[in-house]
Every structure is written in C-alpha cells, then in structure tokens.
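The values are calculated or read from the model by the stated rules, or taken from the named source; none is laboratory data. This is a predicted model, so every value here is computed, not measured. Virtual Cβ from ideal backbone geometry, glycine too; neighbours counted across all protein chains shown. Quick note on the areas: whole protein, heavy atoms, side chains included, nothing else; ligands and nucleic acids left out. Shrake-Rupley method; radii C 1.70, N 1.55, O 1.52, S 1.80 Å.
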Amino acid sequence: DPDKLIGGSQYNGLRRSLDGGQTWISATSGLTNTGAGNAPFITKIAKTNKEPDLLFAVGRSGVFRSTNFGANWSLTSIPSSDWGSISTFHDVKISRANSNIVWAGARMDATGKIHVSTNKGTTFTATSIYNVTTMGLISGLATHPLQDSTAYVLFSFARKPKILRTTNLGQSWEDISGFGNGTVSNNGFPDVAIYDLLVMPHQPNIIWAGTEIGLFESTDDGVSWHIANNGLPALPIWAMTCLLYTSDAADDLLCVD
C-alpha cells in the first residue's frame, strides 16, 4: 500500500502516514521505551514485504511488535542480563525467508546475546556465543532470502571476525570473513568496519558486504571475498536492499545501496 509510510527520529520517535505523506501522526502507542536512555539514538524499524503491517522496534526493555503498521505496539521483554544496556547498536530484523522468524540484539559476549524468535516476536530465545574469540557490540544483522534458519551478525572490531553466520537458528556460529582467532583474514575480507550484508535471492552463492571502504563480494557463499569491481566508488555503504520482480521477458534484479 503506497499510502502507508512510517519513519522515526532518534530514540523511537516514530510517526506514520496513511495518506502517502500528506499528514503524519504519532506511532508510539504502547511503545513505552522512548527518549534518551530508553531507545537507540538511531531508531530501528524491522519490516517485511511478506506481511506489510508487521513491524518491530527495539528499546531498553526488549523488542516491540506491531501488527497494524504502528497503530499500537506490544512489548516482548528480554532480561537485561541477556539484552545488555540500550545502545545504538541494538538492531532487529525479520527473516527475508520466513516472517515468523525475527532476530534482535546488540552484542555477542558475556554481557549480551543475539536473540531469535520463531513465532513472530511473541517470545525470544538467546542464541549461543561464538567461542573462538571474544566478540562484543555488533554493527548489523542480516538474513538469508531462502534459508529461514540462516542469519548473519556483523562486527567492526579491528583484527577480529567481521561476519558470523548461523545455519541453525543460532545454535552455532561460523566466521565467513576468514579471521577466526587470528588478526588477518585468510580469505580476502578487509579489516574494516562492515554495516550491511545482502545475499542475492536469484544466486544465493553471491553475497555482498557493505563496508567502510566499499562493496565486497563473495561468489562462493563466503568461502572467499574480493572487492566488487562493478563501478561503485570505494565509499562507505551503510544499507542495501534487493528488489526482485518478474517481467514478461525474464526475472530482473535491482539492488540499491
């Protein structure tokens, strides 16, 4: 529905429009975590085209869910011992493959865990911690377009793993950026900040990583990486979206960063 728009200023200052942006109204009913100290400075909204009215946001107390495009929200609380102190690093993403699955969290270490829900955010379970080396605050979350148990957690620490992948809903994690417990990648991934990751739905062996120095690409499902020599300048890439549509002639893919 092109008339429905939602956006937010800092600290969950959400507003929505039902008339294509001509007028805007508050979208914080039931969203009890607003304001400094209660929500991320950069507001996060998770959405899915599979269920356009299903939205998620995060706050100090846990994950907030709306089933009516922000008209009201309900909280699924998460203990602070697993959730950690609220920060801009808190994020939430709905699985691109299955809208029943939702990922949320801000860190992966002894003071906070990544969480997953398999029932549209009604409950969340803490996932395991990557035990090869100590991690910490994340810089992004991403999901797989076809495999609903697969997700990616992104990190930007120097000389440490940048992309951890799970294929079993967080029971275990593997580093596909080639760092392991070392300080240099052994598969071509740069030692720079990473902000977003995109798996191509038409060719899932192709993975794009938006980094501080440009777009890096794997064509073998994360086994090796190289800078994508496709005309994009070597500048920071913060977000990527892939739109797949069908024409009379063929399936066309449009990726916008």
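Tabulated values for the structure
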| item | result |
| --- | --- |
| Test: ILE129 is assigned to a loop (DSSP other than H, G, I, E, B), within 14 Å of VAL58 (Cβ to Cβ), open to solvent by 30 Å² or more (accessible area, probe 1.4 Å) and not small (Gly, Ala, Ser) | no |
| Test: residue in segment 201-208 that is buried (at least 16 other Cβ atoms within 10 Å of the Cβ), without any contact (Cβ under 8 Å) to a residue 40 or more places away in the chain and either β-branched (Val, Ile, Thr) or more than 14 Å from GLY178 (Cα to Cα) (or both) | yes |
| Residue under evaluation THR67, criteria (1) hydroxyl-bearing (Ser, Thr, Tyr); (2) over 19 Å from TYR11 (Cβ atoms); (3) in contact with a Ser or Thr (Cβ under 8 Å, 6 or more places away or on another chain), criterion not met | (3) |
| Entirely in segment 210-257, the strands (runs of 3 or more DSSP E) that have 1 or more residues that are closer than 18 Å to VAL199 by Cβ, at pLDDT 80 or above and open to solvent by less than 50 Å² (accessible area, probe 1.4 Å) | 214-218, 241-246 |
| Among the residues listed as SER172, SER149, SER185, SER177, the single one being at pLDDT 95 or above, open to solvent by 40 Å² or more (accessible area, probe 1.4 Å) and assigned to a loop (DSSP other than H, G, I, E, B) | SER172 |
| Answer residue from segment 132-146, given it is small (Gly, Ala, Ser) and not in a strand (DSSP E or B) and is nearest to ALA209 (Cα to Cα) among those | SER139 |
| Elements of type strands (runs of 3 or more DSSP E) contained in segment 7-126, each with 2 or more residues being crowded, with 22+ Cβ neighbours inside 10 Å | 55-59, 62-66, 91-94, 102-105, 115-117 |
